[in-house]
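The values are calculated or read from the model by the stated rules, or taken from the named source; none is laboratory data. Computed from a predicted structure; not experimentally measured. Reconstructed Cβ throughout: ideal geometry from the backbone, glycine too, with neighbour counts over all protein chains shown. Remember, those area values only see protein heavy atoms, side chains included, never the ligands or the DNA or RNA. Shrake-Rupley method; radii C 1.70, N 1.55, O 1.52, S 1.80 Å.
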Amino acid sequence: MTWEVGSPLSIISILAVVIVVAAMLIWVERRLLSFWQERLGPNRVGYFGLLQVVADMIKIFYKEDWIPPFADKFGFVLAPAIIMMVILLSFAVVPFAPGVGVIDSNIGVLFMLAMASLGAYSVMLGGLSSNNKYALLGALRATAQMVSYEVFMGISLLGVVALSGSFNLREIVLAQQDGWYVIPQFVGFVIFLIAGIAESHRLPFDIPEAEQEICAGYHTEYSGMKFGMFFVGEYLGLVLISSLITVLFFGGWLGPAFLPPIIWFSIKVFCFIGFFILLRAAVPRPRYDQLMSYGWLVLLPISLINLLVTAAIILSMQ
Amino acid sequence: MFTLFKDTLVSQVVTLWKVFAKILVKADTVQYPEEQPYMFPRWRGRIILSRDPDGEERCVACNLCAVACPVDCIALQKTEDEEGRWYPEFFRINFSRCIMCGFCEEACPTNAIQLTPDFEMAEYVRQDMVWEKEDLLISGTGKYHDYSFYNVCGKKIGGKDKGEAQNEAVPVNVRSLLP
Amino acid sequence: MIILFYLAGAVALISTVAVILQSNIVHALIYLILSLLAVAVVFYTLGAPFAAVLEAIVYAGAIMVLFLFVIMMLNLGKFSVDQEKSWTSGRVMLVPAIMSAILLAQLINVLRNYEHSIDVVEVGVLEVSALLFGPYVLAVELASILLLAGLVSAYHLAKK
Ligand code: SF4
Ligand code: SF4
């Protein structure tokens, strides 16, 4: 058992850590939100409420696992499984540290994009097979949002890919030894950040599940562990987007040598997770049409121009 | 262009910063069971039946509170002792229905029924929410210390005849011609 | 790798048959997505990772999403399921089944006489791009002009 990319030790520990971190984020988010709202948050179960997640899990396991009689059972059961699967698969290409990772793939970035695009099915199927108006509305919104923001996500990445000359996430990290890509690719970073929030439909872009408008959107009919899978899936998506931002724009595991690489990686990822939670605490939700027109009329031109300028500069430097 | 920039991007960043800075602000939360909050004396909580300064039950079973109660959760039955004092034979409040509105306190002519700042009334068994007179009756005067209904009313009871109450004139002898 | 190839091929075949036989259109579409993903795996095993990922992104991830999106808006209820059931029942399927059986027999016959083993040559992203911007640059430019036209018209529609 050694720390190599793709060794069983690596794979198992990544899976365990990622899932535990995603579950703990439920607690982290609630506490951080409450600090920003001058409250205390869950602090009763265990030290600082650390075991709150365990209590929540026990509760959710004992809930009735209810499939509505009017729902389409096939899609209803499939949907929460898809989101967990797709996001966990995306973690396969994330380079956590030298020697820690699942695969070292030459098409890492593309694989990540493919998985992100498959993630849309979970939301669609969940909403469509629930056979419920709110769920359908949520699914419609989610699909349009995810399909559109995938485009900007992909294009905003291409600047980084062009600079590093590789689709391999590990090589992208290594190419940042002389400076993080956030400086030359700041526009790309901002667009990727926004598209990432929209992809994982976190607040402020949680339009598919906007509680105040359409109940809980696409997972209105879900309860018990199936709802829990959507819930944990959302947090897994949060971890994934934060890791990807770290890898693509903030030099992944690179950092001064007094801390091991994996610690640098975790610190950066947690900074971004905290930032996402801060967004949730501070920024109100835009309207659906505002989101769409903002994406297509502002983000798309900017990201295309960014790609063009980057390519031109790279060409002229050669 | 500049105003658009200022209204959108800058204001978002300022919002983010202001919310982030809240992390240093002390939380408003009161850690309840360990740290008891200060309850104001006029808080409308658990209902009691008080006694007058002499230690007798204040309630005269007039049923006004039961009538005033919007959810009809008070039940009582009047009885009388040999001296002529009225008092309730039983007095029952169903706290699982009570909405702590305080109307009973407003309606009571004798200040007998009073709401107190105690709110910890949860029970595991619903039947335990029904309180009888023994549970309601306290040995003190509650919020009004000097008031005693029989001292101001004209009713004749043992040890107090007509006309002996405060501010009460001696009854006019209608059979006499003297002014 | 060869086991993966046959497995993915089998999944692709089975799910394609399921697409035809399913009477619920959403289920049929899910099988179609599965089939496309299986084809992507086949591409990967044949040494074309770039094509595999593009298959997943473009076909399974974008085009099928739009299909499902349209289905979602159409609100096909029980009626369409019944209609579909009646269309896939024995007698209606007879003639198409015979015709495709003839085609299948011909295909098998052709393939039997065509001895060829799979020799996997990995074609990475760089090779594909070199080809696209080398010999096939004209096709790429034409396609990009088409896309540009689409982009401009979409922009125009969105602005309205
Ligand atoms: S507080 Fe209101 S509801 Fe409760 S017993 Fe008195 S009158 Fe009835
Ligand atoms: S508590 Fe007051 S209002 Fe109610 S019966 Fe007794 S004296 Fe009357």
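Out of everything in region A:71-113 that is of a type in the set (Phe, Trp, Tyr) and not in a loop (DSSP other than H, G, I, E, B), what residue ends up being farthest from residue A:226 (Cα to Cα)?
Of all residues in region A:71-113, those of a type in the set (Phe, Trp, Tyr) come to A:74, A:76, A:91, A:96, A:111.
After this cut, where a residue has to be not in a loop (DSSP other than H, G, I, E, B) as well, the list is A:74, A:76, A:91, A:111.
Working: A:74: 13, A:76: 9, A:91: 21, A:111: 26 Å.
Among those that are of a type in the set (Phe, Trp, Tyr) and not in a loop (DSSP other than H, G, I, E, B), it is A:111.
Of the residues in region A:30-64, how many are part of a helix (DSSP H, G or I), touching a residue at least 24 places away in the same chain (Cβ under 8 Å) and within 14 Å of another protein chain (Cβ to nearest Cβ)? Please lay out each step first, then the result.
First pass over region A:30-64, keeping only residues part of a helix (DSSP H, G or I): A:30-36, A:47-49, A:52-62.
With touching a residue at least 24 places away in the same chain (Cβ under 8 Å) added as a condition, the list becomes A:32-33, A:36, A:52-53, A:56-57, A:60-61.
Filter again for within 14 Å of another protein chain (Cβ to nearest Cβ), leaving A:32-33, A:36.
Going through region A:30-64 one residue at a time, the tally reaches 3.
Consider residue B:17 carefully, then state whether it is within 14 Å of chain A (Cβ to nearest Cβ) and of a type in the set (Phe, Trp, Tyr).
In short, yes.
Go through (1) more than 20 Å from residue A:152 (Cα to Cα); (2) in a helix (DSSP H, G or I) for residue A:299 and report which single condition fails.
If we test residue A:299 against (1) more than 20 Å from residue A:152 (Cα to Cα); (2) in a helix (DSSP H, G or I), just (1) comes out false.
Collect the residues in region B:80-99 that are within 13 Å of ligand 2 (Cβ to nearest atom), out of contact with any Cys (no Cβ under 8 Å at 6 or more places or on another chain) and open to solvent by less than 40 Å² (accessible area, probe 1.4 Å), keeping them in residue-number order.
B:85
Across region C:59-75, which residue is nearest to the chain's Cα centre (by Cα) among those that are modelled with pLDDT under 85 and under 23 Å from residue C:128 (Cβ atoms)?
Here the residue is C:60.
Consider region A:294-308. How many of its residues are away from chain B (no Cβ under 14 Å) and either open to solvent by 80 Å² or more (accessible area, probe 1.4 Å) or under 15 Å from residue A:150 (Cα atoms) (or both)?
Of the residues in that region, 8 qualify.
Sort out which residues of region A:148-167 are in contact (Cβ under 8 Å) with a residue 60 or more places away in the chain, open to solvent by 10 Å² or more (accessible area, probe 1.4 Å) and not aromatic (Phe, Trp, Tyr), and write them in order of number.
Those that are in contact (Cβ under 8 Å) with a residue 60 or more places away in the chain, open to solvent by 10 Å² or more (accessible area, probe 1.4 Å) and not aromatic (Phe, Trp, Tyr): A:151, A:155, A:158, A:162, A:163, A:166.
Scan region A:124-143 for residues that are open to solvent by less than 10 Å² (accessible area, probe 1.4 Å) and either assigned to a loop (DSSP other than H, G, I, E, B) or more than 10 Å from chain C (Cβ to nearest Cβ) (or both) and jot them down.
Once the filter is applied, which keeps residues that are open to solvent by less than 10 Å² (accessible area, probe 1.4 Å) and either assigned to a loop (DSSP other than H, G, I, E, B) or more than 10 Å from chain C (Cβ to nearest Cβ) (or both), region A:124-143 yields A:126, A:130, A:135, A:138, A:142.
This table checks each residue for (1) away from ligand 1 (no atom under 16 Å from the Cβ); (2) among the charged types (D, E, K, R); (3) assigned to a loop (DSSP other than H, G, I, E, B).
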| residue | (1), (2), (3) |
| --- | --- |
| B:42 | no, yes, yes |
| B:54 | yes, yes, yes |
| B:61 | no, no, yes |
| B:67 | no, no, no |
| B:82 | yes, yes, yes |
| B:93 | no, no, no |
| B:96 | no, no, yes |
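Among residues belonging to region B:100-133 that are of a type in the set (Ser, Thr, Tyr) and out of contact with any Gly (no Cβ under 9 Å at 6 or more places or on another chain), point out the one that is nearest to ligand 2 (Cβ to nearest atom).
In this case the residue turns out to be B:110.
For region C:60-160, give me every one of the helices (runs of 4 or more DSSP H) that falls completely inside it and has 3 or more residues that are closer than 26 Å to residue A:113 by Cα and either in the same structural domain as residue C:2 (by TED's automatic domain parsing) or acidic (Asp, Glu) (or both).
Counting at least 3 such residues, we get C:64-74.
Can you name the number of the only condition in (1) in contact with a Phe, Trp or Tyr (Cβ under 8 Å, 6 or more places away or on another chain); (2) open to solvent by 10 Å² or more (accessible area, probe 1.4 Å) that residue A:202 fails?
(2)
Six or more apart or on different chains, Cβ under 6 Å: which pairs go from a residue in region B:54-77 that's within 14 Å of chain A (Cβ to nearest Cβ) to one that's within 7 Å of ligand 2 (Cβ to nearest atom) and not polar (S, T, N, Q)? Could you list them?
Qualifying pairs under 6 Å: none.
Which residues, counting only those in region A:39-77, are among the acidic types (Asp, Glu) and under 27 Å from the mean Cα position of the chain (by Cα)? Break it down into steps so the answer makes sense when it comes.
Filtering region A:39-77 down to residues among the acidic types (Asp, Glu) leaves A:56, A:64-65, A:72.
Scanning region A:39-77 gives A:56, A:65.
Go through the residues of region C:22-44 one by one and say whether even a single one is in contact with a Gly (Cβ under 8 Å, 6 or more places away or on another chain), among the small types (Gly, Ala, Ser) and buried (at least 18 other Cβ atoms within 10 Å of the Cβ).
yes
Criterion first (out of contact with any Phe, Trp or Tyr (no Cβ under 9 Å at 6 or more places or on another chain) and over 26 Å from residue A:107 (Cβ atoms)) does residue C:105 satisfy it?
Considered against the rule, which asks whether it is out of contact with any Phe, Trp or Tyr (no Cβ under 9 Å at 6 or more places or on another chain) and over 26 Å from residue A:107 (Cβ atoms), residue C:105 comes out as yes.
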